[in-house]
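Structure first, then comments.
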Amino acid sequence: MSLKCAAISSGKSARALAVDLRRHRLPGNNHTIYLSPGKLDLASLVWGLAGVNLLFWGNLASWTYERYSIQVTEDQTKVRYEKAPQQTRAIYSALLAGIGLCITTAFMAVSRR
């Protein structure tokens, strides 16, 4: 049974119950009781932000592959745009996706420290 469940059934707070358990020495090995603050830890928040970051860079890479255009000038009065060659779009898209993957990996690596 967890401390929170025991605290609810005994009518005491989890911290008060942990203090009582610390004072009472159990026979045999010394037992250590760790209390968590019960808040959202920073690692969970960073992992969520890493997911949002990956979605952002993925959408940017997708948009680049589908719609990247270059300027084609016929004369000085008209400016025309047309889709860039597929190879150029694929290279730019892969570059953006790679940047996003590197940033997301860095987010996850730092949060696990």
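Readers should treat all values here as calculations from the given coordinates under stated rules, not as data from a laboratory. No experiment lies behind these values; they were computed from the predicted model shown.
Residues whose amide H comes within less than 5 Å of that of ALA84, counting only those at least five positions distant or on another chain, are SER69, ILE70 (H built at 1.01 Å from N in the peptide plane).
Would you compute the Debye intensity of the range 60-113 from its alpha-carbon atoms alone, equal scatterers and no solvent, and pass along log10 I(q)/I(0) at q = 0.13, 0.14, 0.24, 0.31 Å⁻¹ to two decimals? Log10 I(q)/I(0), no solvent term: -0.47, -0.52, -0.85, -1.06.
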